Each structure stands twice: as structure tokens, then as C-alpha cells.
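Below is one structure, written out as C-alpha cells; comments come after it.
The numbers here are math on the coordinates, done by the rules we state, and not lab data. As the structure is a computational prediction, the values presented were derived from the model and not from experiment. No Cβ is skipped: glycine too gets one built from the backbone with ideal geometry, and neighbour counts run over all protein chains shown.
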Amino acid sequence: MDKETFKQYGYELVDWIADYFTDVEQYPVKSTAKPGEIKKKLPGNPPREGEGVDTIMNDFKEILLPGITHWQHPSWFAYFPANNSPPSVLAELLTAGLGVQCMVWQTSPAAAELEEVVMDWLRDMIGLPSGMSGVIQDTASTATLCALLTAREVCTGFETNVKGFRKPLRVYASREAHSSVEKGVKAAGYGRENLFYISTDESFAMIPSLLEEAVIKDKEKGFQPTCVVASLGTTSTTAVDPLEAIAEICRRHGLWLHVDAAYAGTAALLEENRDMLRGMEQADSFVFNPHKWMLTNFDCSAYFVKDPELLVRTFDISPEYLKTSFDEQVKNYRDWGVQLGRRFRALKLWFVIRSYGVKGLQNMVREHLRLAQLFKGWLEEEDHFQLMAPVPFSLVCFRYNDGVSSDEHLNKYNQELLERINATGRVFLSHTSIKGRYVLRMSIGQRTTEERHVRQAWELIRREADRL
Ligand SMILES: *Cc1c(COP(=O)(O)O)cnc(C)c1O
């Protein structure tokens, strides 16, 4: 592709994306494609001769777009958000254009140093202890895996890296913890049977006394308690584990404390939401995702550690071909995680934070929290709807409940209700199961979501419930 062609299609593509940001509201939120439908329309073999961008773009619009579920839709209320923003997209384009590999400092000094600076900003923006150091990972799952690997090494005096496992090491998390904890436990070699789930209280938060009991029992059995993963904002209901009490237990028993705040970390941009961080001075690692609720397009996960030395010792490799004369003076992020090659993700974070300012990001969070409380209020006024969990952030868990039907019947009913709501294409909500009950999740966090969208969703939910 020559320069003029690149420019022509580049401008066209930017126009297309700019229009998409506003036109996205006209698409059905959730793709209505059937399994295999898109694949059937794509040729099984690659073209022998190169094709023009026009042809490719046409196929993108005709074939692929109908198979896209529109995460940036203002009526996206499913799962958690993965919101993006114009400045983030611009920076992502620059990142692609530069095409740099940020594995060590000298492969792009600006990338390494900008990463250090924006991660320090981010740490201070959400009120983490000032001594923590940050590194950008692709996802929270990877960050949690890094925490589990570091915990494993610290607990065994860096022996497991050399000799492998000698005795069972135990990991603890609440029953409501994200599935990435189990995945990490498997990948880090602990073995799934060594992940012990702690029961939760009525707000779905870990019960610390049960954690301590489990740790003591495991010690008696000759297991080595190694790591606790505390969740601030669980995926199912955004429950908040009592960090301070958990941290105290970790300190008493010499356990690594990893904090998973993948979604809710963003809420700590507001000082009034920082109570949940009490105890953080004693935590060893912390992760939250700017790619969920902080206008930074996927992927960008912020991982913070108290002692980077331990992280680097876990991952450090020094083959001759990667050695440089600056290694003593600079940060080589290849040793701060699993991957060697790294994208220049700090750039989009920098664009986002500078474009919106701390204030702009705080305003976004404040508005989403307000909308969630508004929705919760409507729900509570309605006889036949039931709030199913506390609403500390911007997720509301609820179900239809006529007050007479059995749970079994209500489960079927609510499942059908959700299918009908989503089939309208006008909103997309997801579900969870709470103590065996089928529950709808209304998660508010899109950049362009306004009160009218939340109101429309509520009217639609009520209408579909009436019809059923
Ligand atoms: C979304 C989520 C994760 C996983 O995030 P990825 O970045 O997709 O790996 C982990 N923990 C919690 C609590 C989450 O909500």
C-alpha cells in the first residue's frame, strides 16, 4: 500500500469510527448472528492476489459487522463495561503506527519511562500507598497469575523456580472470587485442589474468621498457606471483601495478599469510595483494569506491587542477546511479567488521563454511580421486582418476583425474561446465579450512557415482564 492510498483509507476509516461512536446506538446491542453464520460467509482459503481496501471494508460492513456485539453501545448493561474513548482510540492508532516492542528500556526508552510515570499517576489517582510500583499487563487474569507466581517463589525462598514443587502450597479466595484465580492456580502449578474457597456473608463478602480457621487447619495438616486473593468488587455482585481484616490475618501468618479490584478499582478515583482500600499498606499486589471502566480501550490492566524486586526475581531471565549496558539504571518490563514482547500501552493511558483530566474521569464515575442508585430506587418502588444484592458501585442485581412462585419457577421465568429483553436488540443485560437463584445484572458504565438510556431499559424490562 502506498502512502497516498494509506492516507485516503486512513481518513475514511477515522471518519467511519467517528460516525460509529454516535451511530452505534442504531445497531442491535447484541449480535443476532447464529453459530457458524459468519464463518459460512468467509472463504476457506486466503486470496492469492492482494485485494483493495474498498473490497475488504465492504466485506467488513456486510459480513463482519452483523456479527459484532456492540460493547460501546450506550445501552450496554451486560457483564462489566469495556469502555473506550476517542483519545484512547487515537493513541491506539499511534501505537500501531509506531509498532514498537517495549520489552526492555532500550527498545524504546520513552515507552518504558512513560509507563513508569503514568503508573505512578494512576497509583496516586486511586489512592494506593505511595510506595507501590506499577506495570501494565494485558489483563487482570495475567496480573493475578503474576501475583500467584511471585507468592509461590517468595513462600519457598525462590526454590520452586529451580526445583519445582516440594509440598502443597495453599491459596485462599472467597467463593465469589473471579474464575481467573482458579485459572492462575492451575497455571502456576498449585493444583486446583489447593485453592480453598472461603464462605461469604450476607453481602457476599469473605468472612475473615473462616479464612483464619482454614489457614490454621492447613498448617496443622502440613500444607503451606501461601497466598490470599481478596476481591474488591466481585464479578457476580460487586461484593467487597473486608481488606483490613484479611490483611491482618495475612500479616499474622506470613501470607502474600493479592487484591483483585479489576472493575471496582476505578471507583477509587473518588475519595468517598476509598474505604475499601483500608489495609492496602499491608497488601503485596493489586490489580485493576483501566480497560473496563476508565475509557481506555482493551487491553490495559494496571498491576501494582509493593516490592518490585520480588516480581523481577520471579521472572528474571538474562540471556546474552537481551543484555544491555543500562540494565542497572532502568526498568526492563520484560521481567515484570510473563510476556517478553510488550505493546506500547502506556500511550493510550497517557492520552486518556491528559484528555479527560482526573476531574473528567471522576465525573464519569460519579454519573454512573448516580444512575445505578436511580435504577435501584425505581426497582425498590416496584412490588414485583426484588433487589438481590447491595449496590456499592454501578451494578444492580435484581429479579422479577411475584411473591408467590417458587424459586424454581422464578428461575425459569427470569431466564425467559432476560432472553426477551435482549431479543429486542435495544439493550443487553447479563445474568448471574446467587444462592441458586437466577438473577439479572444491570451494569452501568458506558461512556455515552445517559439517564434516558437507563430509563428506557427500565421501561423495557417492565414491559417485557408484564407481557410474560
Ligand atoms: C473482569 C474481572 C477479571 C478478569 O479481567 P480480565 O482483564 O478480563 O482478565 C478478574 N477479576 C474480576 C473481579 C473481574 O471483574
Under a plain spin-label model, where a point goes 7 Å from the Cα along Cα-to-Cβ, how far apart in nm are LEU64 and ARG463? 3.3
Cα gyration tensor of the range 223-312 - equivalent ellipsoid semi-axes, whole Å, descending: 23, 16, 12
Set of lysines near LYS186 by C-alpha distance (under 19 Å), chain-local residues within fewer than 8 positions excluded: LYS163, LYS167
Inter-part gap, Cα centre of the range 344-387 to Cα centre of the range 438-468, in whole angstrom, is 15
What is the sum of charges around ASP138, taking Lys and Arg as +1, Asp and Glu as -1, for the other residues whose C-beta is under 11 Å from the C-beta of ASP138? +2
Rel. contact order, % - alpha carbon contacts under 8 angstrom, at least six apart, the chain: 22
If you count, for each residue, the other Cβ atoms within 10 Å and average over each peptide, how do 21-32, 363-374, 257-268 line up from highest to lowest? 257-268, 363-374, 21-32
Taking 0.36 nm per intervening residue step and subtracting the Cα-Cα distance, what contour gain separates TRP16 from ASP407 on full extension? 136.0 nm
Rg/Rh of the range 1-149 (Cα atoms, Kirkwood Rh), to two decimals, equals 1.02
If each K or R counts +1 and each D or E counts -1, the residues other than ILE434 whose Cβ falls under 12 Å of its Cβ total +2
Distant alpha-carbon pairs in the range 234-366 (separation over 19 angstrom), percent: 60
Given that compact globular proteins tend to follow 2.2 N^0.38 Å, what is the ratio of the alpha-carbon Rg of the chain to that value? 1.04
With a Förster radius of 35 Å, plug the Cβ-Cβ distance of PHE165 and TYR321 into 1/(1 + (r/R0)^6) and report the FRET value to the nearest 0.05. 0.70
Determine the sum of side-chain charges near SER394: Lys and Arg each +1, Asp and Glu each -1, restricted to other residues whose C-beta is under 15 angstrom from that of SER394. +2
With the crude spin-label approximation of a point 7 Å out along Cα→Cβ, what separation in nm comes out for LYS217 versus GLU51? 6.0
Given the Cα-Cα distance of VAL358 and LYS39 and 0.36 nm per residue of separation, how much length would full extension add, in nm? 110.5 nm
Residues in the range 199-213 near a label at GLU248, defined as backbone nitrogen under 13 Å from the 7 Å Cα→Cβ point? 208-210, 212
Lysines whose Cα lies under 27 Å from that of LYS41, excluding same-chain neighbours fewer than 8 positions away: LYS30, LYS61
Ordered by residue, what ³J(HN,Hα) values in Hz, to whole numbers, does the range 250-264 give under the Karplus form 6.51 cos²θ - 1.76 cosθ + 1.60, where θ = phi - 60° and Gly and Pro are x? 4, 5, 4, 10, x, 9, 6, 10, 10, 10, 9, 10, 3, 8, 6
dims of the range 399-468, Cα set, principal axes, largest to smallest, nearest Å -> 38, 25, 20
Using a cut-off of 20 Å between alpha-carbon atoms, which lysines can reach LYS435, once sequence neighbours fewer than 8 places away in the same chain are excluded? LYS412
Whole-percent tail of the Cα-Cα distance distribution for the range 100-343, cut at 24 Å, equals 43
Rounded to the nearest Å, the spacing of the alpha-carbon centers of the range 1-66 and the range 254-320 is 36
Measuring from label point to label point, each 7 Å out along Cα→Cβ, what is the GLN101 to ASP2 span in nm? 3.2
